[in-house]
Amino acid sequence: MTHMNPMPPAGPDEGRRLLRSTAIAAGLALVVLVTAILPAEYGVDPTGIGRAIGLTQMGEIKMSLAREVAALDSAEAAAAAAPAAAATETVPVAADSVAAPAAERVTTIELEPGQGKEVKLVMRSGAQATYAWTAAGGVVNYDTHGDSTNAPNSYYNYKKGTGVQADEGVLTAAFDGKHGWFWRNRTNAVVKITLRTSGAYGEVVSPD
């Protein structure tokens, strides 16, 4: 009868080698997490390496986009959940705040990479404004909408686009309030927005 000899137990050296290999693998995983995954996915860069190789900027844009989408989803969900009657509730607009059709006005803003800004026109329900805007230096994502801070169901989307360099048309106010554009620069260069407007509106509300 042939007897099988059992495998000899692992010696101290083999155990140490296994522990060393495990420690090295864990260390490498930690390095990848800190220098690549955290900067690229979350914009968190404790070492500064991610920003030097462009990963942190990518993560910051991803997080900014996620916050933007979440905010827009919340606004649209709130609008859908509000009673139908609330859709007619509007913010009072003083009679003298919207004069006769205004001559053309030109508004310009600059967007740093990843930055978003908006410009709004104070308008009465049914008033119309003709507009045309262009993006110099790159393309932008935009959302043309109206809002009224005192109305539960105040958000109204007219149109939106991704990677657009220009747009024009006529904006007809869905209710009394502020109506206009939000632009987001998703490129790596500074983009300059030039907006030309004319029509029946009052104040132009723009960033400082």
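Summary table below
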read-out	value
Number of the condition not met by Asp147 [criteria: (1) crowded, with 16+ Cβ neighbours inside 10 Å; (2) modelled with pLDDT of 90 or more; (3) charged (D, E, K, R)]	(2)
Scope segment 158-186; condition polar (S, T, N, Q) and touching a Leu at 6+ places or on another chain (Cβ under 9 Å); matching residues	Asn185
Those residues of segment 152-208 which are of a type in the set (S, T, N, Q) and modelled with pLDDT of 90 or more, in sequence order	Thr162, Gln165, Thr172, Asn185, Thr187, Asn188, Thr194, Thr197, Ser198
Flag for Glu110 being at pLDDT below 95, surrounded by fewer than 18 Cβ atoms within 10 Å (Cβ to Cβ) and in contact with a Lys or Arg (Cβ under 6 Å, 6 or more places away or on another chain)	yes
Residues being open to solvent by 70 Å² or more (accessible area, probe 1.4 Å) and of a type in the set (S, T, N, Q) - total across segment 150-170	3
In segment 171-208, the residues that are in contact with a Pro (Cβ under 9 Å, 6 or more places away or on another chain), outside any strand (DSSP E or B) and crowded, with 20+ Cβ neighbours inside 10 Å	Asp176, Asn185, Tyr201
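The values are calculated or read from the model by the stated rules, or taken from the named source; none is laboratory data. What you see is a predicted model, and the numbers here were worked out from it, not measured in a lab. Virtual Cβ from ideal backbone geometry, glycine too; neighbours counted across all protein chains shown. Quick note on the areas: whole protein, heavy atoms, side chains included, nothing else; ligands and nucleic acids left out. Shrake-Rupley method; radii C 1.70, N 1.55, O 1.52, S 1.80 Å.
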